[in-house]
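Encoded as structure tokens, the structure appears first; notes follow it.
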Amino acid sequence: MSATVIDGKAFAAKVRGQVATHVTALKQDHGITPGLAVVLVGEDPASQVYVRSKGKMTVEVGMKSVEHKLDADTSEADLLALIQKLNDDAEIHGILVQLPLPDHLDEDLVINSIDPAKDVDGFHISNVGLLGTGQDSMVPCTPLGCLMMLRDHHGSLSGMDAVVIGRSNIVGKPMAQLLLGDSCTVTIAHSRTKDLAEVVRRADIVVAAVGRPQMVPGDWIKPGATVIDVGINRIDKPEGGTRLVGDVDYESCAAVAGAITPVPGGVGPMTIACLLANTVTACCRANGLPAPEGLTA
Ligand code: NAD
């Protein structure tokens, strides 16, 4: 194996340390404690795990954590009323509504009811527009984490050929916008892309966000390229039980790539770290203070 392994777990711990330093300064110098509210509707087990670990890490970096757990049959009106209350709460700087929502709730309507300045997931239509036009916005956490790792590894990304596989609103599209913002030449590939292998072979940077286990083989990777694997897929082990794998075939890609993120331990830990970073950013902006350097796009 030749590739440098980009250790997302260690990098995320460093980001959380930076967040904690900013939180301490906000408390000491301004008497402000950043606050994050997470809203969970229903009892999806994976969402419950995410919400628990978000709450735990929020407290660990010194911020205020508020959790609202609502019944699966909560009405849209009640959910919107809660969001309005959080929008109006001066002690809450970030609001995250855990997705997916139960079917009877309109996800777009709910997300767009969050105050864009508190939309720490970066999914509000205003933030999507601000990011697309290169203005200060709240940036979706997973692509922000990928960008931070790429910047840390390469310094400047200017002029690099980047291929993003996947065009979802939460990963693929914002990732492409961020890479464009850092002056990459960006291609977005997707399920209808012709000759995906050829497209990927051109890339200095490959970001795979598909949701298909080990879909990208090593012979698609340009020698020395950097591979960021966003995928989280659970597969059966031959000996029984299951394990997590990404969207790239790790062994064969690592043999060719210059650098690669593992799954688990790559992009995953960066997502929550960036949620905390976004909350501090939102808190600073709400109080007329500059956003912390290195923690934003
Ligand atoms: P999604 O299902 O919304 O989007 C998948 C995209 O992949 C689509 O745009 C589709 O066009 C594309 N696609 C599907 N089949 C393809 C194919 N054969 N060739 C090329 N493109 C194809 O998924 P998502 O929400 O963007 O998530 C993608 C993956 O990333 C999932 O595994 C998800 O679990 C993971 N994820 C991880 C994190 C994290 O924190 N690490 C966060 C979000 C998502």
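Compute, for the chain, the length of the dipole vector about the Cα centre, with Cβ point charges of +1 (Lys, Arg) and -1 (Asp, Glu) only. Units Debye, rounded to 20. Intermediate results must be reported in sequence, preceding the final value.
On the way: 24 positive and 35 negative charges, 156 e Å.
My answer is approximately 760 debye.
Could you list, by residue number, the cysteines of the chain that have no other cysteine's beta carbon within less than 4.7 Å of their beta carbon?
Result for the chain is 146, 184, 253, 283, 284, no neighbouring Cys Cβ within the cutoff.
If amide H atoms are built 1.01 Å from N in the plane of the peptide, which residues on other chains or at least 5 residues away come under 5 Å of the amide H of residue 216?
248, 249
Which order do the peptides 107-117, 273-283 take when ranked by the mean count of other beta-carbon atoms within 10 Å per residue, highest first?
Numbers: 107-117: 17.2, 273-283: 27.8.
Peptide ranking by packing, descending: 273-283, 107-117.
Is the C-alpha gyration tensor of the stretch 30-115 telling us rounded, prolate or oblate? Criteria: a/c under 1.5 is rounded; beyond that, a/b larger than b/c is prolate, otherwise oblate. Can you show the working numbers first?
Values: a/c = 2.57, a/b = 1.36, b/c = 1.89.
It comes out oblate by the Cα gyration axes.
Please list 3J(HN,Hα) in residue order for the stretch 210-221, calculated via the Karplus relation 6.51 cos²θ - 1.76 cosθ + 1.60 where θ = phi - 60°; whole Hz, with x for glycine and proline.
Running phi through 6.51 cos²θ - 1.76 cosθ + 1.60 with θ = phi - 60° gives 10, x, 10, x, 6, 6, 9, x, x, 6, 8, 9 Hz.
Between residue 185 and residues 5 or more places away or on another chain, which pairs have amide H atoms under 5 Å apart, with H built 1.01 Å from N, and which residues are they?
159, 160, 161, 162
Tell me the angle of helix 45-60 to the major Cα principal axis of the chain, expressed in degrees between 0 and 90 and rounded to the nearest ten.
70 degrees
In the chain, carbon and sulfur make up what percent of the accessible area (probe 1.4 Å)?
Within the chain, the accessible surface is 51 percent carbon and sulfur.
In the structure shown, do any of 14/173; 9/54; 85/173 have a Cα-Cα gap over 21 Å, and if so which? Walk me through the numbers on the way to the answer.
Details: 14/173 26 Å; 9/54 15 Å; 85/173 31 Å.
As for pairs spanning more than 21 Å Cα to Cα, those are 14/173; 85/173.
Among 14, 27, 194, which one shows the biggest mean-square fluctuation in a GNM of the chain, springs joining Cα atoms closer than 10 Å?
194
Step through the residues of the stretch 277-290 one at a time and calculate ³J(HN,Hα) from phi using the Karplus curve (6.51 cos²θ - 1.76 cosθ + 1.60, θ = phi - 60°), rounding each to whole Hz and writing x for Gly and Pro.
Values, residue by residue: 4, 4, 5, 5, 4, 4, 5, 4, 4, 5, 9, x, 9, x Hz.
Report, to the nearest 10°, how far helix 8-30 tilts away from the longest principal axis of the Cα atoms in the chain, using its own Cα long axis and a range of 0 to 90°.
The answer is roughly 30 degrees.
When the chain is fully extended, how far beyond the present Cα-Cα distance does residue 28 get from residue 89, taking 0.36 nm per residue of separation? Walk me through the intermediate numbers first.
On the way: separation 61, 0.36 × 61 = 21.96 nm, distance 2.14 nm.
Roughly 19.8 nm would be gained on extension.
Quick one: 3J(HN,Hα) in Hz for the stretch 150-155, Karplus 6.51/-1.76/1.60 with θ = phi - 60°, rounded, Gly and Pro as x.
5, 5, 5, 6, 9, x
Could you work out how far helix 76-88 tilts from the main Cα principal axis of the chain, as a 0 to 90 degree angle to the nearest 10?
Orientation of helix 76-88: about 80 degrees from the principal axis.
The values are calculated or read from the model by the stated rules, or taken from the named source; none is laboratory data. Fair warning: this is a prediction, and the values are worked out from it, not measured in the lab. Using ideal geometry, Cβ is built from the backbone for each residue, glycine included, and neighbour counts are taken over all protein chains shown. Side chains are part of the model used for accessible areas, which takes the heavy atoms of the whole protein and leaves out ligands, DNA and RNA. Shrake-Rupley method; radii C 1.70, N 1.55, O 1.52, S 1.80 Å.
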